[in-house]
Ligand code: GDP
């Protein structure tokens, strides 16, 4: 009935945006992600921040933003195909000295298909050969017309080398985020998306996740696609052991029985029995499907 279908939004809270940076190889995606992180973390805070990590949260004027690295477009497509629409805003990086390249075009169609707001970061503006107008003209040809050319796409000049323009980019992300009115329920059953996962010696399956609803806590019984377990430990993006992760926060989770695939959705369950049953059923179903495929 109508009443029951109504989603109760009374507990909803504004959540930080999750941002993905995409672009042609060598245009500075990794450098930009690393520069944003190191320029926003107070000196002396936590150790291993020089190491590149796949997801992290920073603060800009007291507002949080979570960045996710998508290693290759295949992983991003896989995540999308699985319905894990973890990204709220897409940044397309284009090198100011190189312009639109084949992968830039792929990323454009990807980003358009996602329906997410897009911001173009024109990187390497520190270079003498940088040419912002060339990039704008090439992008306009792909129906990515800059705001100052009468279109609706913001172009921000940045340098991952010097840090120039990064504040501008972050302010722009926050503006877009405000328009999106991103909300989630911090009290709901925890739900998170796996960004990447691997088997680590002595630690077992390790999953890097982003929390999309509720709060994921140590001790939670979890199902993640066909895998399950109990959260044994959580490490946040600063490499610190924490008891929980809140909305749009990111970290690594220990305690799954197997390595989940990127894009898998992790959900907290009421009991370990429930978690095991759901995962086992899904695994059986997947095996049966495989079998019917191979006998055809
Ligand atoms: P990715 O393949 O998109 O992740 O690109 P990388 O971050 O690995 O950068 C490719 C190369 O461009 C590296 O040699 C970087 O040092 C260099 N680079 C990245 N950003 C800048 C920038 O803003 N200015 C300059 N001059 N070089 C940059």
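The values are calculated or read from the model by the stated rules, or taken from the named source; none is laboratory data. Being a predicted model, the structure only gives us computed values, none of them experimental. Cβ: placed from backbone, ideal geometry, glycine included. Neighbour counts: every protein chain shown.
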> Between residues in the range 22-33 that are under 18 Å from residue 110 (Cβ atoms) and outside any helix (DSSP H, G or I) and residues that are near the ligand (Cβ under 7 Å from one of its atoms) and at pLDDT below 95, which pairs lie under 6 Å by C-beta distance while being six or more apart or on different chains?
Replying inline: 23/29
> Of the conditions (1) modelled with pLDDT under 95; (2) assigned to a loop (DSSP other than H, G, I, E, B); (3) over 28 Å from residue 184 (Cβ atoms), residue 85 fails just one. Which one is it?
Replying inline: (3)
>> I'd like to check which strands (runs of 3 or more DSSP E) are fully inside the range 177-281 and have at least 1 residues that are surrounded by fewer than 19 Cβ atoms within 10 Å (Cβ to Cβ).
In response: 191-200, 204-213, 227-236, 250-256, 265-269
> Only one of (1) modelled with pLDDT of 95 or more; (2) more than 15 Å from the ligand (Cβ to nearest atom) is not met by residue 109, so which one is it?
Replying inline: (1)
>> Within the range 24-77, take every residue that is modelled with pLDDT of 90 or more and at positive phi and give me the one that is farthest from the ligand (Cβ to nearest atom).
In response: 62
> Failed condition for residue 171, given (1) in contact (Cβ under 8 Å) with a residue 40 or more places away in the chain; (2) surrounded by 15 or more Cβ atoms within 10 Å (Cβ to Cβ); (3) more than 15 Å from the ligand (Cβ to nearest atom), with all others met?
Replying inline: (2)
>> Here's a check for you: in the range 92-106, which residue that is crowded, with 20+ Cβ neighbours inside 10 Å and touching a helix residue (DSSP H, G or I) at 6+ places or on another chain (Cβ under 7 Å) is nearest to residue 173 (Cα to Cα)?
In response: 92
> Out of the residues in the range 113-131 that are more than 13 Å from the ligand (Cβ to nearest atom) and over 16 Å from residue 24 (Cα atoms), which is farthest from the chain's Cα centre (by Cα)?
Replying inline: 131
>> Name the single residue that is surrounded by the most Cβ atoms within 10 Å (Cβ to Cβ) among those in the range 132-166 being within 15 Å of the ligand (Cβ to nearest atom) and on the phi > 0 side of the Ramachandran plot.
In response: 165
> What is the one condition in (1) in contact (Cβ under 8 Å) with a residue 24 or more places away in the chain; (2) over 30 Å from residue 66 (Cα atoms) that residue 268 does not satisfy?
Replying inline: (2)
>> Residues that are assigned to a strand (DSSP E or B) and modelled with pLDDT of 95 or more: does the range 123-137 have at least one?
In response: yes
> Which of the residues spanning the range 174-187 are on the phi < 0 side of the Ramachandran plot and in contact (Cβ under 8 Å) with a residue 12 or more places away in the chain?
Replying inline: 174, 176, 177, 179, 180, 182, 183, 184, 185, 186, 187
